[in-house]
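To start, the structure under review is shown below, and the notes come after it.
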Amino acid sequence: MPPSLNAPLDVAIVGFGPVGASLAALLGQRGRRVAVFDKSDQIYPLPRAFALDHEAMRTFQQIGIAGALAAHMTPYRPTLYQGCDGEPIQHFDMGPSPYPLAWAPSYTFNQPALEAALREAVAALPSVQVHLGHEVTDVEEGSPEACDGAVLTVRTPQGEVSQLRARYVVACDGGTSLMRKRLGLRLKSLDFDEPWIVVDMHVHESKLADLPATNIQYCHPSRPCTYVVGPGTHRRWEFLLMPDEAEQREMPHDAIWKLLAPWLAPTEARIWRAATYRFHAVVLEQWRKGSVLLAGDSAHQMPPFLAQGMCQGLRDALNLAWKLDAVLDGRASDGLLDSYGTERGPQVEEVTATVKRLGQIICERDPVRAAQRDRELRAQQGNQVKVQLRQNLLPGIRHGLIDSGQAPEGTPFPQPIVRVAGAGAAGDAQMMDELVPPGFLLVMRDAPAAAQLAQWQGALAALRARIVCMADAASPPGVLSLSEADGLLARWFEQHGCRAALVRPDHAVYGVAKDTDGIQALLQRACMRLGVACD
């Protein structure tokens, strides 16, 4: 049975897809009392997310499932946009290593395997309860100021109805979110609506070499189409549906094989799964109501042309987890949670604008305009198609809990490969996050002096921040000294002209200091913005 009104939870999560499961894991790792409810008792069987980025992998690294995913993903291949004449008009790739977050900037992956790994990680957390087959049918948002939380009405698989109370509720219940509708929250249209069919195939190994070795956007006005290379024998095709096909809920397999005929015959592969979708672009006007917040597809939806749908939901979870923990722990006021929508709303809209721009290139159906598109895109590149970095298309946080809004603030802090200082070649090289637990970090280019540490102590304690310095030498007690293997972070400090960076628990740069004298002021501003006293 679910918890009762007499045993209030810290957080109730509605929906156990990748976003809900990731949020449950991130909160459970912090010891929060969490219950997750999902009306289904199965992992969603139809094709959805197919790609994830380095920020998502860093989140999965924190949750502890990155190793389990290795067999189910592969680095994202370069993507060529083909124009009407079959020649490239755009080229996206992810550049050479060392990669800024240690992980490759993009991967394709198997979503059922990801969800299974997430559920296993959540099941290992003693403070998290999972209730599959339990449908949340109603929510009454409470007053955060009164700390009375929200009340959920839950129906069990046996049809029994009960109620429970949670300080906060996070609705991760998908694009048709019942919670969003119950709360009367509206989605703002960002003016994109196109019908597509998504087809996942397992191709016979003998045929793989005959297929394109890289990802292709076929920007052909007769039938725009996407081809993506997945792990192993997995390949995905996506086709824009014609007006007479747009209302089909399912497409017969013989019709799918006709679409696939330029690449495959039925004897050369099998259809694993297929689904029709309308690719929407929408975002919440209001991200919280009282004690209830929304995340993932319940809060925003975007076309898949930059493979950011699930990734943006994972950013929601990472952004929200540390803020909920700080509020529940009493280290920050409830007002900190208002920064969630302030940050995520504009960021999602900016990503969606980029995705729409790519979608308009891909989905052009008029042959004359498509030919003009090809000429203009090539001319913009000096008539030589140039490689663009996919990760450069993604914006950082530009509003909310950042110091001044100037770069590199709001962007992901790098994750270099490091060794503990003094260990020399004998020390194991690891990703930096493996050596530093989640929380605020003050990362310094050089080791601080003992007198400086004493000056900063009050603010560091208020933020519960740890100090990391990138110096292969002894440091004062309480400072973790690391030496990096490839100079990634040294170049980052040089590029941004700073000596120190204050990094949030979600790895976003809060602010930087150009010298050690500016660190004290930076820490005090952070305490003030977070609402914590730094005596």
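The values are calculated or read from the model by the stated rules, or taken from the named source; none is laboratory data. Just so we're clear, the structure is a prediction, and the values are computed from it rather than from any experiment. All Cβ positions, glycine included, derive from the backbone under ideal geometry; neighbour counts span all protein chains shown. Please note that ligands, DNA and RNA were not included when accessible areas were found on the heavy atoms of the full protein model with its side chains. Shrake-Rupley method; radii C 1.70, N 1.55, O 1.52, S 1.80 Å.
Which whole-Hz couplings ³J(HN,Hα) result when phi for each residue of the range 16-21 is put into the Karplus expression 6.51 cos²θ - 1.76 cosθ + 1.60, θ = phi - 60°, listed in order with x for Gly and Pro?
Values, residue by residue: 10, x, x, 6, x, 5 Hz.
Can you give the direction-averaged projected area of the convex hull of the alpha-carbon atoms in the range 481-523, in nm²? Mind showing how you got there, number by number?
Values: hull surface 14.1 nm².
About 3.5 nm², averaged over all directions.
Give me the Å³ per residue figure for the convex hull around the C-alpha atoms of the range 274-340.
Dividing the Cα hull volume of the range 274-340 by its residues yields 101 Å³.
Please report the projected area of the range 65-121's Cα convex hull averaged over all directions, in nm². Write down the numbers at each step before the final one.
Working: hull surface 21.6 nm².
For the Cα atoms of the range 65-121, the hull's average projected area reads 5.4 nm².
Percent of alpha carbon pairs in the range 401-506 separated by more than 20 Å? It would help to have the intermediate numbers written out before the result.
Values: 2114 of 5565 pairs.
Result: 38 percent of Cα pairs exceed 20 Å.
Name the longest site-free stretch of the chain, where the excluded sites are GluC sites (Glu not before Pro) in a DSSP loop with no more than 11 other beta-carbon atoms within 10 Å.
Details: sites that count: Glu145, Glu160, Glu247, Glu250, Glu285.
By the stated rule (loop sites, at most 11 other Cβ atoms within 10 Å), 286-535.
Over the chain, average the accessible area per residue using a 1.4 Å probe and give it in Å², no decimals.
Values: 21730 Å² over 535 residues.
In whole numbers, the chain has 41 Å² accessible per residue.
So what does log10 I(q)/I(0) come out to for the range 272-419 at q = 0.13 Å⁻¹, using the Debye formula with one equal point on every Cα and no solvent?
For the requested q values the scattering log ratios are -0.76.
Roughly speaking, to the nearest percent, how much of the range 51-188's 1.4 Å accessible area is carbon and sulfur?
Heavy-atom surface of the range 51-188 belonging to carbon and sulfur, 1.4 Å probe: 49 percent.
Starting from a Cα-only point model with no solvent, please compute log10 I(q)/I(0) by Debye for the range 88-152 at q = 0.20, 0.22, 0.24, 0.27 1/Å.
The Debye formula, applied to the Cα set alone, gives -0.99, -1.06, -1.11, -1.14.
Just the Kirkwood number for the range 216-323, please: inverse of mean 1/r across all distinct Cα pairs, in Å, one decimal.
Averaging 1/r across every pair of different Cα atoms and inverting gives 16.7 Å.
Once both labels are modelled 7 Å past Cα along the beta-carbon direction, what's the His399-Ala261 spacing in nm?
Computed distance between label sites His399 and Ala261 equals 5.0 nm.
If you take every residue apart from Pro105 with its C-beta less than 13 Å away from the C-beta of Pro105, what net charge results, scoring Lys and Arg +1 and Asp and Glu -1?
Around Pro105, the charge tally is 0.
Hey, can you grab everything whose amide H is under 5 Å from the amide H of Ile467? Only 5+ residues off in sequence or another chain; H modelled, so Pro and N-termini drop out.
Those qualifying (amide H under 5 Å, at least 5 residues apart or on another chain) are Leu442, Leu480.
Would you kindly derive the ³J(HN,Hα) couplings of the range 113-120 from the backbone phi angles with the Karplus curve 6.51 cos²θ - 1.76 cosθ + 1.60 (θ = phi - 60°), listing them in order in whole Hz, with x for Gly and Pro?
5, 4, 5, 5, 5, 4, 5, 5
Would you work out the relative contact order for the chain, in percent, from Cα pairs under 8 angstrom that are 6 or more residues apart?
16 percent
Give, to the nearest whole percent, the P(r) tail of the chain beyond 37 angstrom, counting all Cα pairs.
That fraction is 34 percent.
Pop a pseudo-label 7 angstrom from the Cα along the beta-carbon direction at both Ser189 and Asp428 and give the gap in nm to one decimal.
Distance between the two pseudo-spin positions: 5.5 nm.
In terms of modelled amide H atoms, which long-range or inter-chain residues lie less than 5 Å from the amide H of Arg273?
Asp200
Can you give me the C-alpha center-to-center distance between the range 338-356 and the range 222-262, rounded to a whole angstrom?
30 Å
Express the carbon and sulfur contribution to the solvent-accessible surface of the range 363-427 as a percent, rounded to the nearest whole number, probe 1.4 angstrom. Show your work: numbers first, answer last.
Details: 1740 of 3480 Å².
Within the range 363-427, the accessible surface is 50 percent carbon and sulfur.
If each of Gln158 and Arg331 carries a label point 7 Å out from its Cα toward its Cβ, how far apart are those two points in nm?
Rounded to a tenth, the inter-label distance reads 4.1 nm.
Work out, step by step, the length gained on full extension between Leu211 and Thr137: first 0.36 nm times the residue separation, then minus their alpha carbon distance; give nm to one decimal.
Residue separation times 0.36 nm, minus the Cα-Cα distance, leaves 21.9 nm.
In sequence order, what are the phi-derived ³J(HN,Hα) couplings for the range 149-161 according to the Karplus relation 6.51 cos²θ - 1.76 cosθ + 1.60 with θ = phi - 60°, rounded to whole Hz, with x for glycine and proline?
For the range 149-161, the Karplus curve yields x, 10, 10, 9, 9, 10, 10, 7, x, 7, x, 6, 10 Hz.
Pull up all non-local amide H partners of Ala421: gap of 5 or more, or a different chain, and H-to-H distance under 5 Å with H placed in the peptide plane.
Those lying under 5 Å, H to H, from Ala421 are Ser481, Leu482, Ser483.
From the convex hull of the Cα coordinates of the range 1-120, what is the mean projected area in square nanometres? It would help to have the intermediate numbers written out before the result.
Values: hull surface 41.4 nm².
Its average projected convex-hull area is 10.3 nm².
Report the full-extension gain for the segment Lys514 to Asp244: residue separation times 0.36 nm, less the Cα-Cα distance, to one decimal in nm. List each step's numbers first, then the result.
Details: separation 270, 0.36 × 270 = 97.20 nm, distance 6.05 nm.
The span from Lys514 to Asp244 would gain 91.1 nm if fully extended.
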